[in-house]
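Here's the structure we're looking at; comments come further down.
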Amino acid sequence: MRQVIIIGSGPAGYTAAIYAARANLAPLLIASSVEVGGELMKTTEVDNYPGFAQGIQGPELMMQMQAQAERFGTEIILDDVTAMDLTGAVKTVTVGNGDAHDALSVIFATGSAYRKLGLKDEERLSGHGVSWCATCDGFFFRQKTIAVVGGGDSAMEEATFLTKFADKVYVIHRKDSLRASKAMQDRAFSDPKIEFVWNTEIAHIYGDDLVTGVGLIDVTDGAETTLELSGLFVAIGADPRTHLVHGQLDLNVDGTIAVQGRTSRTNLTGVFAAGDVIDPTYRQAVTAAASGTVAALDAEHFLASLPKNIVAAARQAESATVSA
């Protein structure tokens, strides 16, 4: 039995592991067999993470976080969680190979996944002109012509933000009206750099090594056109990865895990959540890392509140497991 199990290997999960390991909690981190490192593994240059004046590649940043967590004694399993029982005093986490891991506490940091258009070349050109984060990548599109796909608040916010860099920002929306709040609409409509392309869907993304344009279809008459672009920002929402905790942890109306105030505490004692899985707004690597810090400290305080014999038994069990 472990003192703490961390589920997720993005900035929140790895940071929680670093703090938990330094607190001598000997964390077990279940990193996934496919999505190790989270969404940053799909990005190229990360220019806004503190401490890297010249920027750093997303995969390199995550590998450094993993190495730091392992340096302090985190054990990492490259497997997928298939089931969890979080309701008892001892939590049980089952992974793909059938092994069940018990712990006194669990930190859930599975992140979120950006919704995608589902187009053939979307993944191929990810990081090469296709992006899901204006804050992350807008700087690379100075004096360029780009487009944002979407009609909600996030799309309007992305488009308005991108006008700081780009010369021209198209907003492509499949309807003739927006879902965004009136304030966000007014701001976008009044910006001279933003032009709306209504009743239109993207059918193709063009470019060999970099995005050069998109193929559009008018949903009213089926007419096809081409729009030359240097970048495409997809802002049609994100879904927190919470399917494993449905029926156990309380969720907010937006689907994120509900936590108590500024803490990471969920509705279940000994279960904590961190990162994008609790954050529908900011979704940045640095805010996820900070959230992972909070979760590790909350878990440490929780474990310190338990009877000493229970924690001692867990430490003895985890020592036997690691030795084996």
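Readers should treat all values here as calculations from the given coordinates under stated rules, not as data from a laboratory. Remember, predicted model here, so these are calculated numbers, not experimental data. A quick note on method: Cβ atoms are made from the backbone with ideal geometry, for glycine too, and the neighbour counts reach across all protein chains shown.
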Full-stretch length increase - Asp250, Asn199 - with 0.36 nm per residue and alpha-carbon distance subtracted = 14.6 nm
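What is the mean projected area of the alpha carbon convex hull for the stretch 192-324, to one decimal in square nanometres?
With every direction weighted equally, the projected area is 14.9 nm².
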Can you list residues whose amide H is under 5 Å from His101's amide H, if they're 5+ apart or on another chain and H is modeled 1.01 Å from N?
-> Val93, Thr94, Val95
Which percent of Cα-Cα pairs in the chain sits in each 10 Å bin, short to long?
-> 6, 25, 29, 20, 13, 5, 1, 0
Between Phe72 and Thr287, what length in nm is gained on full extension when 0.36 nm per residue of separation is reduced by their alpha carbon distance?
-> 75.2 nm
Which lysines, on any chain, are close to Lys168 with Cα under 28 Å apart, when same-chain ones fewer than 8 places away are left out?
-> Lys42, Lys116, Lys120, Lys144, Lys182, Lys193
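Need the full-extension length gain, Glu123 to Gln260, defined as separation in residues times 0.36 nm minus the C-alpha distance. One decimal, nm.
Details: separation 137, 0.36 × 137 = 49.32 nm, distance 3.65 nm.
Extra length available between Glu123 and Gln260 comes to 45.7 nm.
Could you work out the Rg to Rh ratio of the stretch 120-208, with Rh taken as the Kirkwood radius (inverse of the mean 1/r over all Cα pairs)? Numbers along the way, then the final one.
Numbers: Rg = 12.6 Å, Rh = 13.3 Å.
Rg/Rh for the stretch 120-208 comes to 0.95.
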For the stretch 100-125 and the stretch 247-324, compute the distance between their C-alpha centroids and round to whole Å.
-> 18 Å
How far is it, in nm, from the label point at Arg179 to the one at Asp85 when both lie 7 Å from their Cα along the line to the Cβ?
-> 3.8 nm
For the pair Asp186 and Ser305, the simple spin-label estimate (label points 7 Å beyond Cα toward Cβ) gives in nm 4.5 nm
To the nearest 0.05, how large is the calculated FRET efficiency for Met41 and Leu268 if R₀ is 35 Å and r is the Cβ-Cβ distance?
-> 0.75
Once the stretch 255-304 is represented by equal point scatterers at the alpha-carbon sites, with solvent omitted, what log10 I(q)/I(0) does the Debye formula produce at q = 0.13, 0.31 Å⁻¹?
-> -0.26, -1.24
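Return the FRET efficiency for the residue pair Ala223, Ala313: r is the Cβ-Cβ distance, R0 is 51 Å, and the value is rounded to the nearest 0.05.
Values: r = 70 Å, r/R0 = 1.37.
Using R0 = 51 Å, I get an efficiency of 0.15.
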Counting pairs of alpha carbon atoms under 8 Å apart in space and at least six apart in sequence, what relative contact order in percent does the stretch 1-79 give?
-> 37 percent
Selection from Ala299, Gly98, Met65 lying farthest towards where the dipole of the chain points positive, charges on Cβ = Ala299
